[in-house]
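In what follows, a single structure is set out as structure tokens and then discussed.
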Amino acid sequence: MNTQHYIQQETNLHTHSYFCGHGTGTIAEYVAEAQKQGLKLLGFSEHCPVEDNRWNRSRMALEQMSIYEEDIANARVEASLPILTGYECDYLPQYRSYYQEIGARVDYLICAIHDLSLELEREYSLFWNTLTKDDLHRYADLYCQALSSGLFLFGAHPDVFAYNYHTWDKEAEACSRAIIECAVAMDVPLEINANGMRKRKVDTPLGQRYSYPISEFWQIAKTYPLKVVTNSDAHAPFEVNVGRKECFSFAAEAGLSFVSYELEGRNLKVVSS
């Protein structure tokens with residue numbers, strides 16, 4: 001079986017469609033747009049629903065999972081580039097075996113933390129709440145648990161805590177170092193995410209900056225042997241490659257280099273560039 005090699009400029013593995021409820025576009029529309037924009041590898045990573053219906057406002061229903069996976073399989077037949085099936089999974093320890101079962105039937109999983117979850121009735125979104133110093137430590141702990149699970153191809157937007165934490169202080173640095181050091185120890189890449197560049201800029205004591213990625217996080221990252229990927233995090237077909245040039249410029253300015261992917265059949269793995 002032939003092994004294909006893909007550099008980051010040729011790929012997008014962080015893609016959302018109408019299935020997530022806050023995205024638009026069908027699977028077929030994304031595939032058509034990826035072909036039009038010259039991508040050579042496209043992966044879908046829809047937000048993964050869980051059995052207790054947590055996060056249901058931004059997830060497909062459980063019964064839609066088979067439809068989502070079938071839509072991708074159908075699109076793959078006519079596509080001129082490989083199309084992979086994945087999920088973006090918000091990690092909590094109680095879902096580990098569930099995610100493991102899903103990962104066994106799809107091509108890849110990625111991890112993220114969008115909500116600080118304490119109990120089912122007591123959690124809050126990183127996007128809708130100002131974070132405290134304690135929240136940063138809770139975020140780092142959850143993110144490191146995800147990276148340590150052994151389930152995920154890469155960690156998505158690890159610096160998303162900056163969306164509602166606008167001061168670079170000792171807590172922000174400690175949170176960043178914990179995540180980066182865990183990623184290195186577990187040999188899991190972290191993602192520079194273009195969607196944060198498309199969001200509103202935030203005002204900080206040092207002026208405006210992207211919601212994420214944040215320079216301070218990645219300036220620390222470059223001092224470690226960290227593997228780095230980048231994706232559009234598209235929520236509409238036209239976004240499938242939008243913001244990638246900015247991500248590559250951001251990485252170059254930070255002195256970061258990217259890993260690549262190898263694909264044999266539908267067996268995907270990260271390799272050094």
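The values are calculated or read from the model by the stated rules, or taken from the named source; none is laboratory data. Just so we're clear, the structure is a prediction, and the values are computed from it rather than from any experiment. Cβ sites come from the backbone with ideal geometry, for glycine too, and all protein chains shown count toward neighbours.
Being more than 27 Å from Thr26 (Cα to Cα), touching a strand residue (DSSP E or B) at 6+ places or on another chain (Cβ under 9 Å), touching a residue at least 24 places away in the same chain (Cβ under 8 Å) and not in a loop (DSSP other than H, G, I, E, B) is the requirement here; does Val184 meet it? So Val184 fails the test.
Could you check the stretch 212-240 and list, in sequence order, the residues that are of a type in the set (S, T, N, Q), touching a residue at least 12 places away in the same chain (Cβ under 8 Å) and surrounded by fewer than 20 Cβ atoms within 10 Å (Cβ to Cβ)? Spell out how you get there, then give the answer.
Within the stretch 212-240, the subset of a type in the set (S, T, N, Q) is 215, 219, 223, 230-232.
Subsequent filtering for residues that are touching a residue at least 12 places away in the same chain (Cβ under 8 Å) retains 215, 219, 230-232.
Once the filter is applied, which keeps residues that are of a type in the set (S, T, N, Q), touching a residue at least 12 places away in the same chain (Cβ under 8 Å) and surrounded by fewer than 20 Cβ atoms within 10 Å (Cβ to Cβ), the stretch 212-240 yields Ser215, Gln219.
Give the stretch 250-273 a look and list any residue that's hydroxyl-bearing (Ser, Thr, Tyr) and modelled with pLDDT of 95 or more, or say none. Don't jump to the end; show me each part of the working.
Filtering the stretch 250-273 for residues hydroxyl-bearing (Ser, Thr, Tyr) gives 257, 260-261, 272-273.
Across the stretch 250-273, the qualifying residues are Ser260, Tyr261.
Just wondering, is there one or more residues in the stretch 246-262 that are out of contact with any strand residue (DSSP E or B) (no Cβ under 8 Å at 6 or more places or on another chain) and aromatic (Phe, Trp, Tyr)? There is no residue in the stretch 246-262 that is out of contact with any strand residue (DSSP E or B) (no Cβ under 8 Å at 6 or more places or on another chain) and aromatic (Phe, Trp, Tyr). Give the stretch 1-23 a look and list any residue that's surrounded by 15 or more Cβ atoms within 10 Å (Cβ to Cβ), part of a loop (DSSP other than H, G, I, E, B) and among the polar types (S, T, N, Q), or say none. Residue satisfying the conditions is Ser17 alone.
Mind checking whether some residue in the stretch 160-170 is polar (S, T, N, Q) and buried (at least 19 other Cβ atoms within 10 Å of the Cβ)?
Step one: of the stretch 160-170, the residues polar (S, T, N, Q) are 164, 167.
From the residues that got through so far, the ones that are buried (at least 19 other Cβ atoms within 10 Å of the Cβ) too are none.
No, the conditions are met nowhere in the stretch 160-170.
Residue selection: Arg200 satisfies the criterion of being of a type in the set (Lys, Arg), more than 27 Å from Gln145 (Cβ to Cβ) and surrounded by fewer than 18 Cβ atoms within 10 Å (Cβ to Cβ). So, Thr85, is that one buried (at least 17 other Cβ atoms within 10 Å of the Cβ), at pLDDT 95 or above and under 28 Å from Lys199 (Cβ atoms) or not? Here the answer is yes, as Thr85 does meet what is asked. Of the strands (runs of 3 or more DSSP E) contained entirely in the stretch 29-148, those carrying at least 1 residues that are under 19 Å from Leu13 (Cα atoms), polar (S, T, N, Q) and touching a residue at least 12 places away in the same chain (Cβ under 8 Å) fall at 41-47, 83-90. The residue of the stretch 36-64 that is modelled with the lowest pLDDT, among those that are under 23 Å from Val240 (Cβ atoms) and surrounded by fewer than 19 Cβ atoms within 10 Å (Cβ to Cβ), is Ser58.
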